[in-house]
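One structure is given below, encoded as structure tokens.
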Amino acid sequence: MENKTLCLNCGERPIQIKKQGLCYRCYHRAWARGLIVTKVKNPNGPGSFRSQNGNGQKREIEFIQAFFTHQNWIHHPAMFNLAEKKYTPDFYDGERNVFIEISGTRQAYHQNKDKYQLFRKLFPKLLFEIRKPSGELLDEEDQIDWQ
């Protein structure tokens, strides 16, 4: 049974920002990076999601709505050191134990391709997927079909 009084992100500290279900530390980290994604009650159906700052998150919100059918996921779950760079995957799916990166365009994928390969090389035991905002798995071996 999950403890409803602890932060939804870290699960260690008490909830202090009730609207997001976060402790101050997790809320301020997310706010500083503009990454707060909140569930909004929708009287016409299941919850919808929106970004607090309203910019740069449209693809990730589209992915949340299209892909996740459960609540056991974390947005920007951890930061990994990749030699001289740092990398934070977009999501962690707790149901499948996999890190997920969302790549919205062909250019974005190719700009970050080396980072993805380095992540896989340095952390071979972690499951890692690259997906389109629609939730479709990106096949990196074949020709990439972008809409």
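Of the residues making up region 101-119, those that are within 17 Å of the chain's Cα centre (by Cα) and of a type outside the set (S, T, N, Q) are 101, 102, 104, 108, 109, 115, 116, 119. Within region 14-33, can one find any residue that is surrounded by fewer than 12 Cβ atoms within 10 Å (Cβ to Cβ), at pLDDT 85 or above and not assigned by TED's automatic domain parsing to the domain that holds residue 123? Yes - at least one qualifying residue is present in region 14-33. Number of residues in region 93-123 that are assigned to a loop (DSSP other than H, G, I, E, B) and closer than 13 Å to residue 80 by Cβ equals 1.
Against the criterion of being assigned to a loop (DSSP other than H, G, I, E, B), over 26 Å from residue 120 (Cα atoms) and modelled with pLDDT under 85, residue 9 does not qualify.
So that you can scan it fast, the table gives a plain yes or no per residue for (1) among the aromatic types (Phe, Trp, Tyr); (2) at pLDDT below 90; (3) under 25 Å from residue 30 (Cα atoms):
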| site | (1), (2), (3) |
| --- | --- |
| 63 | yes, yes, yes |
| 67 | yes, yes, yes |
| 89 | no, no, yes |
| 92 | yes, no, yes |
| 96 | no, no, yes |
| 100 | no, no, yes |
| 107 | no, yes, no |
| 124 | no, no, no |
| 139 | no, yes, no |
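Of the residues in region 104-119, at least one is touching a Pro at 6+ places or on another chain (Cβ under 6 Å) and either closer than 24 Å to residue 65 by Cα or assigned by TED's automatic domain parsing to the domain that holds residue 77 (or both).
The values are calculated or read from the model by the stated rules, or taken from the named source; none is laboratory data. From a predicted model like this one, the values you see are computed outputs, not experimental measurements. Methodologically, a virtual Cβ is constructed for each residue, glycine included, from the backbone with ideal geometry; neighbour enumeration extends over all protein chains shown.
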